[in-house]
Structure formats: C-alpha cells, structure tokens
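Contents: one structure, followed by commentary.
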Amino acid sequence: MEYFLIVFSAIFVNNIVLAQFLGICPFLGVSGKVSTSVGMGGAVMFVMTLATIVTYIIQYYILIPFGISYMQTISYILVIASLVQMVEIILKKISPALYQALGVFLPLITTNCAILGVAILVIQNEFNLLESVIFAVANALGFTLAIWIFSGIREQLEIMDLPKGMKGVPAALLIAGLLSMAFMGFAGIV
Amino acid sequence: MPPILPGKHLWKEESMTNKDIFKRGLIKENAVFVQLLGMCPVLGVTSTAINGLGMGLATTFVLIMSSIVVSLVKSFIPDKVRIPAFIVIIASFVTVVDLVMAGFFPGLHEQLGLFIPLIVVNCLVLGRAEAFGSKNTPFKAVLDGLGMGLGFTLALVLLGSMREILGSLSLFGLKFVEADGILIFVLAPGAFIALGFLIAIINVLKKRFA
C-alpha cells in the first residue's frame, strides 16, 4: 500500500512536470511529435532510475560518512553527466537498436532538471533504496504520461487556426495549464 | 530545448559594442520571453514577485561569476571536456549561493527550495558559458552575464507580479484590496496560463513595434 501511494502520488497528484515544474525544457522542446516524445520518456526513465540509484549510494556511503554533504550539488551533477555519457557509449555497443531509439535524446538529458531534481527529492524525503527506485520509475512514468498527452494535443494544435500572437509556444503553454488543472483533480484522492 | 544554441544571435558578435552586449539580453534576446531558456524556475518559483526577484538575482550571480571564470580558463581546458568543466564551475557557484542564502535569507531559501540547486541545470547558464563566455574576454563576459541575468530577473519579476496581483490581490507582499483573488493563478496551472498570455502579449507588441 505504501508503495502504491508513492507511485500514485508521483504519477498523478504531484506530477513532476505539471505540478512540480521539473523537466519543462524537454516538455516544451521535444513535444512536437508523439513518437519522439515517447522516445524521450523512455530515455528519461532509463537515466532517472540509474542516476537515482547511483546518487543514493554516493549520498549514504560517501557524502554523509565523510561529512561533506555540501558537495551534494557538484557530485550529483557530475555523476549524472558521466552516467549519461557512459550509457550512451554502452548502448551504442550493446544494443544499436535501442541506441537508435534513445540516442538523440541522451545528450539533452544532462540538463534535464527532472533527473537532478528526483535525485535530490529522494534524499529530502528520506526514502530507502527500494522506495527510491520506485519513486524514480514512477516519476519517469509521470513525465512520460504528461509529455505523451501534451504532444498528442500539440499535433492537433498545429492544424488549428489560432490568433497570430497565440501561435506556437503561448498556445502550448495554455494547453499545459489546462492539463495541469486536470491533474489537480487527482489531489483529493490521496 | 537544446541546452546550447550555436550561433543563434540576432546581431553579429564581432561588430557589437559593449553597450549592445549588455542591452540585448534585457529585451531583444530575453532569455525567457524570446529564447525560452531556463523555464523550470520561471514557472516554479513565480507564485510571488519576491520569490521571482530572489531567484532572478541568484541566477544572475551564478551567470556572471561562471561566465568570468569560464572566460578566464577557456584556454586551459581541452575542447573535449569543456562541458563537464563548465558544469563543475557552475555547480561550485550554485553551492556558494545555496549556502549563503541558507545562512542569510532562510525564509527565501525555504520558499525556493529545490530550485536553488537546480540552477546548475538551468540551460541559460550553461548556454551563455558555452556560447559567449568561452569565446570572449572576461569584461565582455561580465556585461553579457549581467544583461542576460537582469533580463531573466525582469521576466521572473514580471510573471511573479502578474500572478501575485491576479492570484492574491497583492504585490511584493503588500495587500491592496481585502478580498480573495483568482486562486488558480497562485497554483500550478496559473503559472502556465499566465506565462502563455505574457508571451502572446510580447509577441504582438514585438510585431507592432518591429
């Protein structure tokens, strides 16, 4: 039940994009087409889960025992940046098919604040390792869900006749606002 | 949004005077309204004007300091590892801001919360370090950082004021009417909607005065 609550609240109630405003750059930037947005979601899930596990280990086995918690930001971002590089190299070697699907998104993920955000949130919420992994996967699912719905609407938006000033980003932001409002409806459930 | 925008400049770099470098970040190439960079804090912390101002100034500090250091060390850093090196430089200044803010402005620090360490991954900061700081002299880098940072702050304060006025009928914490505002503007959806309209208004104005 506890785990179910973590999953449900991460996907719907505190959706990482629509309620917490993390990962807005890819949300606005890579949401032109449904297929690319799903690819981005997959890449985020992959890196987010790995990064959360690694930063969790670093926090509890290196930073805290040595009393250097103030190094959190620097060490985390370095770990994430090198992890992304490593994943890219390994994927290229092991699974060219997966690399073809996710490759273009990987460099963009280093500056996706959702990854660093979730790594820090896990520590702030004092989760254990299993809870952290579940939290990371659920947040990635929430990200994928949000960007998937959003890109579907944006594809339709392209063919709409809008006032000149509203075309493009402003209309997309309004849609994001309406989506966020819809997700607020889940707030009463948990 | 790609983190680095190669050569996306409206004016030629070489022919720019110092004044132009400072000025373009304010409005013409405003980070938020025109380049759409660093959107997470823009939406996340602007429920009040004060929070917007605090976040804007913190980002400006990181932007200026990291630009200076990047432009000073640019010739020592091998090209292949320049991005990780820039990230370390930026992360150091973010840690400084984080600790200073926690010490001197604990209230604001709590309000901004997660978004302070996340200045590290603000595409604007890395984007300026890569596109400008790594190619220009420290003095020009300061001007560029100051202009871009103030433009970013301007956008945050503008959006924060708009949301605070509509949402809670107050500005910078001063309530001017004893009534309830439109609550949705303080909540998450209001951030998207307010920014959407703000960009639309700016688009229309830009066309009219162009």
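Rule-based calculations on the coordinates, nothing more; no lab input. Quick caveat, the model's predicted, so the values are computed rather than measured. With ideal geometry, Cβ positions are generated from the backbone for all residues, glycine too; neighbour counts draw on all protein chains shown.
I need the chymotrypsin sites (Phe, Trp or Tyr not before Pro) found in region B:58-160, filtered to DSSP loop residues with at most 12 other beta carbons within 10 Å of theirs. Each step should come with its number before you reach the end.
Working: sites: B:61, B:76, B:86, B:93, B:104, B:115, B:132, B:139, B:152; in loops: B:76.
Here the chymotrypsin sites (Phe, Trp or Tyr not before Pro) that fit, given the DSSP loop and packing criteria, are B:76.
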Report summary line: Per-residue average of other protein chain Cβ atoms inside 10 Å, peptide A:113-121 -> 4
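Packing-wise, with mean Cβ within 10 Å as the measure, how do B:197-205, B:153-161 rank, highest first? Please list the in-between numbers first.
Details: B:197-205: 17.7, B:153-161: 22.7.
Taking the mean over residues of other Cβ atoms within 10 Å, the ranking is B:153-161, B:197-205.
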Query - Footprinting exposure proxy for A:3, A:99 (fewest neighbouring C-beta atoms within 10 Å first) - result: A:3, A:99
Requested in this report: List the residues whose amide H sits under 5 Å from the amide H of residue B:171, counting only those 5 or more places along or on another chain, with H placed 1.01 Å from N in the peptide plane.
Outcome: B:176
Query raised in the report: On average, how many beta carbons from a partner chain sit within 10 Å of the beta carbon of a residue in A:74-83?
Result: 4
Query - Lys/Arg +1, Asp/Glu -1 at C-beta; the protein assembly as shown dipole; positive extreme among B:150, B:166, A:52 - result: B:150
Report task. Using Cα positions and a limit of under 18 Å, work out the aspartates and glutamates in reach of residue B:23, with same-chain residues fewer than 8 apart set aside. Result -> B:13, B:14, B:144
Query raised in the report: Please state the relative contact order of region B:87-193 as a whole percent: Cα pairs under 8 Å, 6+ residues apart?
Result: 15
Query raised in the report: Using helices alone, what [θ] at 222 nm do you get for chain A, with -39,500 (n - 2.57) per DSSP H run of 4 or more residues, divided over all residues and rounded to the nearest 500?
Result: -22000 deg cm²/dmol
Requested in this report: Order by neighbour count: A:55, A:110, A:49, fewest other Cβ atoms within 10 Å first, most last.
Outcome: A:49, A:110, A:55
Report task. Among the listed pairs A:33/A:93; A:167/B:175; A:33/A:92, give every one whose C-alpha distance is greater than 26 Å. Result -> A:33/A:93; A:167/B:175
Requested in this report: Could you tell me whether the protein assembly as shown comes out rounded, prolate or oblate from its Cα gyration tensor? Rule is a ≥ b ≥ c as square roots of the eigenvalues, rounded for a/c under 1.5, then prolate if a/b exceeds b/c, otherwise oblate.
Outcome: rounded
Report task. Would you calculate, for chain B, the mean residue ellipticity at 222 nm contributed by helices, counting each DSSP H stretch of 4 or more residues as -39,500 (n - 2.57) and dividing by all residues, to the nearest 500? Result -> -20000 deg cm²/dmol
Report task. State the percent of C-alpha pairs, over all pairs in region A:1-132, separated by a distance greater than 27 angstrom. Result -> 22
Requested in this report: Would you work out if region B:1-158 is rounded, prolate or oblate? Take a ≥ b ≥ c from the square roots of the eigenvalues of the alpha-carbon gyration tensor; rounded if a/c is under 1.5, else prolate when a/b is larger than b/c, oblate otherwise.
Outcome: oblate
Report summary line: Under a Gaussian network model of chain B whose springs join Cα atoms within less than 10 Å, the largest fluctuation of B:42, B:177, B:62 belongs to B:177
Query - Test item: A:170-182 mean partner chain Cβ contacts at 10 Å - result: 6
